[in-house]
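The values are calculated or read from the model by the stated rules, or taken from the named source; none is laboratory data. Keep in mind that this is a model prediction, so the values were computed, not measured. FYI the Cβ positions are ideal-geometry reconstructions off the backbone, even for glycines, and counts take in every protein chain you see.
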Amino acid sequence: MKVLFVTSEAHPLVKTGGLGDVAGALPAALIAEGLDVRVIMPGYPAAMERAEGRTDGPDLGDPLGFGRTRLIAARMPDGVPLWLVDCPALFDRPGGPYNDAGRADWPDNHRRFATLSWAAAYLGKVGDGRAWLPAVVHANDWQAGLAPVYLKQWRGPGPGSLITIHNILFQGRFPRTILEEVGLSPELFRIDGIEFHGQASFLKGGLQFADRVNTVSPTYAREIQTPEMGAGLDGLLRHRKAHLSGILNGADYEIWDPSRNPNLIRNYGVDGAVEGKAACKRDLQMRMDLDPKAEAPLFGVVSRMSDQKGLDLVLAVADRLIAAGGQLVVLGSGDPAEETAYMALAEARKGSVAVQVGYDEPLAHRIQAASDALLVPSRFEPCGLTQLYAMRFGTLPVVRRTGGLADTVIDVREPHGTGILFDTASVVGLWSALERTFALYADRDAWRAALRRAMQQDFGWTRAARAYRDLYRKTIETAT
């Protein structure tokens, strides 16, 4: 089965969050299951530099009037075949994939990701000219949301289309005037098209026109059908319930494995975890100017700073956490006010709190290995990956019971518990979970038993890849 995997980022070429991790791991897992998968993504400077074996592919001309566009055939560093959409006018620029250096959205993002979607639909309909024609076009998030729309609007036979929602809050909403600009009929601006509260929504277009819809955990698939969690699209998702599913993301244990991780001062497995984590803790405390207290429970945070992630709750309990004998280390960026607040906390609580604003891949691994517990107090979480990494590193996740967090972490009150869960996204809810965490940490035998159970969990990508293989078959059967 041939599958075209459409994404706006993929680790290690370009990564801003969980989508990059998924796009960097799932295609390889699908190939290992016997599928013929190719990734298509924008030709950002970093992607062009890091991709291997680049050769010229089909010349697409100037399909939407935004500049000459061609496809470059290449490979991911792990060998996964790759198409880079090379349109210098749209993608050859400094800054991030979605934002400029000042973190403002690129004003032409509708053009940029319409071009990605158009190129994916072109490959879906025409192929690469070398007998490769996909049976399924798998679009991911709003940036690829127009691919199913183009496929349905262009006449003639074509592949099945699937869209995966990684976070329903990000919908790609633009003025209605962009429709003709991106080669779509104004007639699509209707309630059963891509109109959403007076704007054109790329994500709604994908949800409306894709043959199948899925998201990244079973619980989130249920949650987004409710008014509280559906971000205005719950009605459409309930309408498409028969074609909506949730497949839990996986963890790439080639990268996130403490027994062979090059970022750690000492590698360890299940049997040597206590000693290995102690060495990693000492190393991180030294690196981050934390007091060298072996007995202090170290709480880690590796996260975007946004309302979704609930890090304001961590700020609110930080003084109590420190008073109880804990330490806090934070790696993240996002909301400027939260960044400032965390930096102020670190300055006021030197030796007990360490904060680094930004993203640092090696440091993320060191925090996972050094921390005793990882805080993920999300108000909602489609899947979450950091809690999966934490468990493999022997770091107990403290998480809110929502989305993929609820699907992956078992509370230590249960016989096979692997973490601490709480229900209410509030200061009271989080602090009650932290009190339980401190109590468990004081019982060294119980803590070590939970640590061992957590490390033995298997959330590798093989399970997810097999589920996607089955979903692709259903997508082909559903295609009209």
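Quick one: would you say GLY403 is surrounded by 14 or more Cβ atoms within 10 Å (Cβ to Cβ), among the small types (Gly, Ala, Ser) and on the phi > 0 side of the Ramachandran plot? Spelling it out, GLY403 is indeed surrounded by 14 or more Cβ atoms within 10 Å (Cβ to Cβ), among the small types (Gly, Ala, Ser) and on the phi > 0 side of the Ramachandran plot. The set of residues in the range 220-236 that are in a helix (DSSP H, G or I) and surrounded by fewer than 24 Cβ atoms within 10 Å (Cβ to Cβ) comprises ALA221, ARG222, GLU223, ASP234, GLY235, LEU236. Please determine whether any residue of the range 435-458 is closer than 30 Å to VAL136 by Cα, charged (D, E, K, R) and in contact with a helix residue (DSSP H, G or I) (Cβ under 8 Å, 6 or more places away or on another chain). No, the range 435-458 contains no residue that is closer than 30 Å to VAL136 by Cα, charged (D, E, K, R) and in contact with a helix residue (DSSP H, G or I) (Cβ under 8 Å, 6 or more places away or on another chain). Can we say ARG260 is under 24 Å from the mean Cα position of the chain (by Cα), farther than 30 Å from GLY429 by Cα, among the charged types (D, E, K, R) and not assigned by TED's automatic domain parsing to the domain that holds ILE163? Yes, satisfied. Residues satisfying the criterion are present in the range 299-310 (criterion: touching a Lys or Arg at 6+ places or on another chain (Cβ under 8 Å), touching a residue at least 60 places away in the same chain (Cβ under 8 Å), polar (S, T, N, Q) and not in a helix (DSSP H, G or I)). Looking only at the range 11-41, filter to residues that are assigned to a loop (DSSP other than H, G, I, E, B) and of a type outside the set (A, V, I, L, M); which one of those is nearest to VAL302 (Cα to Cα)? Only one residue fits best here, namely GLY17. Test VAL355 against the stated conditions and say whether it is over 25 Å from ALA439 (Cα atoms), over 18 Å from the mean Cα position of the chain (by Cα) and crowded, with 17+ Cβ neighbours inside 10 Å. Considered against the rule, which asks whether it is over 25 Å from ALA439 (Cα atoms), over 18 Å from the mean Cα position of the chain (by Cα) and crowded, with 17+ Cβ neighbours inside 10 Å, VAL355 comes out as yes. Checking each residue in the range 337-358 for being out of contact with any Phe, Trp or Tyr (no Cβ under 6 Å at 6 or more places or on another chain) and outside any helix (DSSP H, G or I) picks out ARG349, LYS350, GLY351, SER352, VAL353, ALA354, GLN356, VAL357, GLY358. Could you run through the range 387-414 and say how many residues are over 17 Å from MET229 (Cβ atoms) and assigned to a loop (DSSP other than H, G, I, E, B)? Here the count works out to 8. Could you give every pair whose Cβ atoms fall below 6 Å, whose first residue belongs to the range 53-77 and is in the same structural domain as CYS87 (by TED's automatic domain parsing) and more than 17 Å from TRP132 (Cβ to Cβ), and whose second residue is outside any strand (DSSP E or B) and basic (Lys, Arg), counting only separations of at least 6 or pairs across chains? That search, which allows pairs on different chains as well, returns ASP62/ARG68; PHE66/ARG111. Filtering the range 261-277 to residues that are within 16 Å of ALA454 (Cβ to Cβ), among the hydrophobic types (A, V, I, L, M, F, W, C) and in a loop (DSSP other than H, G, I, E, B) leaves only VAL270.
Meeting the requirement of 2 or more residues that are touching an Asp or Glu at 6+ places or on another chain (Cβ under 8 Å), the helices (runs of 4 or more DSSP H) wholly within the range 60-153 are 109-126. Among the residues making up the range 197-206, those that are in a strand (DSSP E or B) and surrounded by 22 or more Cβ atoms within 10 Å (Cβ to Cβ) are ALA200, SER201. Restricting attention to the range 20-45 and to residues that are under 16 Å from GLY460 (Cα atoms) and not small (Gly, Ala, Ser), the residue that is surrounded by the fewest Cβ atoms within 10 Å (Cβ to Cβ) turns out to be GLU33.
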